[in-house]
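All remarks here apply to the structure that follows.
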Amino acid sequence: MMRIAPIASSIDFVSANQRSGGFPLSRIVYVNGAFLPEADAKISIFDRGFLFADGVYEVCAVLAGGLVDNGGHLRRLRRSLDELQMASPETDAGILQIQRELIARNQLREGLIYLQITRGVADRDFAYPENTSPTLIMFTQSKPVVDNPLAATGISVITTPDIRWARRDIKTVGLLPACMAKMLAREAAADDAWMVEADHVTEGSSSNAFILTAAGTLVTRHLDRGILHGITRQAVLRLAAEYDIDFEQRPFSVQEAYQAAEAFVTSASALVLPVIRIDDRPVGTGSPGPISQRLRTLYIEEARTTLS
Ligand code: PDD
């Protein structure tokens, strides 16, 4: 006769802290219309974000309790949704209101706010289902963004083949290649990885990549489907134009990166972060370069005065 396990299995006695992977369960998070303690936040096992990575996301920096470049992040979110014919459960104004409420409820001064929209819950089938309600979740992460210790030291990167898909302009939650690249970097005792395709750097595992040539020209890859159209990248190029720093948007090779005077990455979480080693070769002098540091300062100064 088949034996049915008692309902109260050992899994019920796993501590909340173990379930969370070790970090404290103290935040208020947002799930589909509700603000609730993170331990109570639940998503269906049939959510297409879980089954197919059928979801998109945005990460926005928070400084002094305000959002950095949020307008740009919300515009890119719309674009990602449109490219995947995915509906949004909220207007931009509605999303901003939830972001602000979450920042207030968590008394967040500095850190990140993460938001994710998935196509929602449906029985498992590859084709997009009709009439599902999209899932919207948000959470905050408290961390020093401006006083990031890596800003003073710079970071080291390795180069690794870009094994991602051909629509990197869509900010989907399918991030396993980025996780694998970060693990390769960790194994090589480096801080991060730059992705390489046909001997040219596409971008960082979760950032856009820049070099400064010996002649003083900033170079970052042009926008197409091969990279994420970074919001911080765009702001840094605008600042470069304003402050008369020459720049080119084109592919650059790994060799060119090895010979660069400076290098840095941009992202909502890193802002502008100098790169001081590439594949164990020092970049320029091997310490954060003046143009990289200047662009970081300019970006932070501007961000502080344009918070939303
Ligand atoms: N990542 N390229 C990739 C692949 C990224 O994942 C990111 C951001 C960027 C930079 O984009 P932006 O400047 O808009 O943040 C470029 C976020 C921070 C993340 O996944 O945590």
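The values are calculated or read from the model by the stated rules, or taken from the named source; none is laboratory data. Computed from a predicted structure; not experimentally measured. FYI the Cβ positions are ideal-geometry reconstructions off the backbone, even for glycines, and counts take in every protein chain you see.
A few comments on the model shown:
- Residue in segment 243-262 that is in the same structural domain as Lys182 (by TED's automatic domain parsing), closer than 30 Å to Arg109 by Cβ and hydrophobic (A, V, I, L, M, F, W, C) present: no
- Whichever residue in segment 261-287 is within 16 Å of the ligand (Cβ to nearest atom) and either exposed (fewer than 14 other Cβ atoms within 10 Å of the Cβ) or among the polar types (S, T, N, Q) (or both) and, among such residues, is nearest to Pro144 (Cα to Cα): Ser269
- Test for Asn131: is it among the polar types (S, T, N, Q) and without any contact (Cβ under 8 Å) to a residue 24 or more places away in the chain: yes
- Taken over segment 266-304, residues that are within 14 Å of Ala61 (Cα to Cα) and hydroxyl-bearing (Ser, Thr, Tyr) amount to 4.
- Some residue of segment 42-52 being over 21 Å from His229 (Cβ atoms), assigned to a loop (DSSP other than H, G, I, E, B) and of a type in the set (A, V, I, L, M): yes
- Long-range neighbours under 8 Å by Cβ, at least six apart or interchain, first residue closer than 17 Å to Glu101 by Cα within segment 38-62, second more than 16 Å from the ligand (Cβ to nearest atom) and of a type in the set (Gly, Ala, Ser): Glu38/Ser20; Glu38/Ser26
- Just one residue in the set Arg233, Arg221 is over 14 Å from the mean Cα position of the chain (by Cα), modelled with pLDDT of 95 or more and either in the same structural domain as Thr297 (by TED's automatic domain parsing) or more than 16 Å from the ligand (Cβ to nearest atom) (or both); that residue is Arg221.
- Exactly one residue among Tyr258, Tyr299 is modelled with pLDDT of 95 or more and within 15 Å of the ligand (Cβ to nearest atom), and that residue is Tyr299.
- All positions within segment 206-218 that are within 11 Å of the ligand (Cβ to nearest atom) and more than 17 Å from Val275 (Cβ to Cβ): none
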